[in-house]
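The values are calculated or read from the model by the stated rules, or taken from the named source; none is laboratory data. Owing to the predicted nature of the structure, the values given are computational and were not obtained by experimental measurement. Positions of Cβ are generated from backbone atoms using ideal geometry, with glycine treated the same way; all protein chains shown enter the neighbour counts.
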Amino acid sequence: MENVLTDNQIVELFRSSSDRALNELQKKYGAQMQRIAESILADKRDAEECLNDVYLGAWKNIPAAVPENLKAYLLRMTRNCAFKRLRTNLAQKRGGNTQTTSFEELSECIPDNRKFESEQDSKLKEQIEEFLRNLSKEKRAIFLGRFWFLYSVAEIAERLGRDEKYVSNQLYYLKKQFKKHLGRKEGYNERIGFTQSINRN
């Protein structure tokens, strides 16, 4: 069985500028980082380029600022890098429009200062699924259409046979309901705090 170093040992490799540092990092967390990047970008090449950026960032930053939780640090960097690349890709497809992507709209309802990423992500997934189960069929379609399938407000309105103002209003209230739902679950709001949600569509 291939030997895997502890987080502290990997950090020490970075601090000593060892050539092994990135190899050991990739061996331990590369697969998880790859899954996250590909799930957001849906493109293997983009995901690989994103991971290269993350590895470069780790190489530059870890020696000077050692993270408390190496895994959470890397997964957060991967997610942020993937969102940034997704925004760039969508902006190019839309002719240079740099409006906030729907993923980022939703992510602003979710805290980003979690120390134990895998545990909190698991709870977050359950809470999102519970939220969706309690929505009507139409509201679920609007929520998923915007925040999962990345449809524009106009596209959602056309698919549902509704006008754009109606869809925009529903999205506004759905984001508020989603944030409120998360805040109610097991004192979530008091434990880890929330960023302000965007009130635009």
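Each row is one residue, and each column tells you yes or no for (1) crowded, with 17+ Cβ neighbours inside 10 Å; (2) in contact (Cβ under 8 Å) with a residue 12 or more places away in the chain; (3) within 13 Å of V54 (Cα to Cα); (4) not β-branched (V, I, T).
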{"position": "N3", "(1), (2), (3), (4)": "no, no, no, yes"}
{"position": "T6", "(1), (2), (3), (4)": "no, no, no, no"}
{"position": "Q9", "(1), (2), (3), (4)": "no, yes, no, yes"}
{"position": "F14", "(1), (2), (3), (4)": "yes, yes, no, yes"}
{"position": "S17", "(1), (2), (3), (4)": "no, yes, no, yes"}
{"position": "A21", "(1), (2), (3), (4)": "yes, yes, no, yes"}
{"position": "Q26", "(1), (2), (3), (4)": "no, yes, yes, yes"}
{"position": "M33", "(1), (2), (3), (4)": "yes, yes, yes, yes"}
{"position": "A37", "(1), (2), (3), (4)": "yes, yes, yes, yes"}
Limited to the range 39-50, what total is found for residues that are over 20 Å from L70 (Cβ atoms), free of Cβ contacts under 8 Å to residues at least 60 places away in the same chain and in a helix (DSSP H, G or I)? 8
What's the number of the only condition in (1) modelled with pLDDT of 85 or more; (2) part of a helix (DSSP H, G or I) that A65 fails to meet? (2)
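One line per residue, one yes/no per condition, for (1) among the polar types (S, T, N, Q); (2) under 21 Å from K137 (Cβ atoms); (3) modelled with pLDDT under 80; (4) loosely packed, with under 14 Cβ neighbours inside 10 Å:
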| residue | (1), (2), (3), (4) |
| --- | --- |
| G161 | no, yes, no, yes |
| Y172 | no, yes, no, no |
| K179 | no, no, no, no |
| F194 | no, no, yes, no |
| N199 | yes, no, yes, yes |
Go over the candidates N8, N3 one by one and state the one that is assigned to a helix (DSSP H, G or I), farther than 17 Å from R76 by Cα and in the same structural domain as Y73 (by TED's automatic domain parsing). N8
For E129, indicate whether it is modelled with pLDDT of 90 or more and over 21 Å from F83 (Cβ atoms). no
Going through V54, V66 one at a time, which residue ends up being surrounded by 20 or more Cβ atoms within 10 Å (Cβ to Cβ) and in the same structural domain as N8 (by TED's automatic domain parsing)? V54
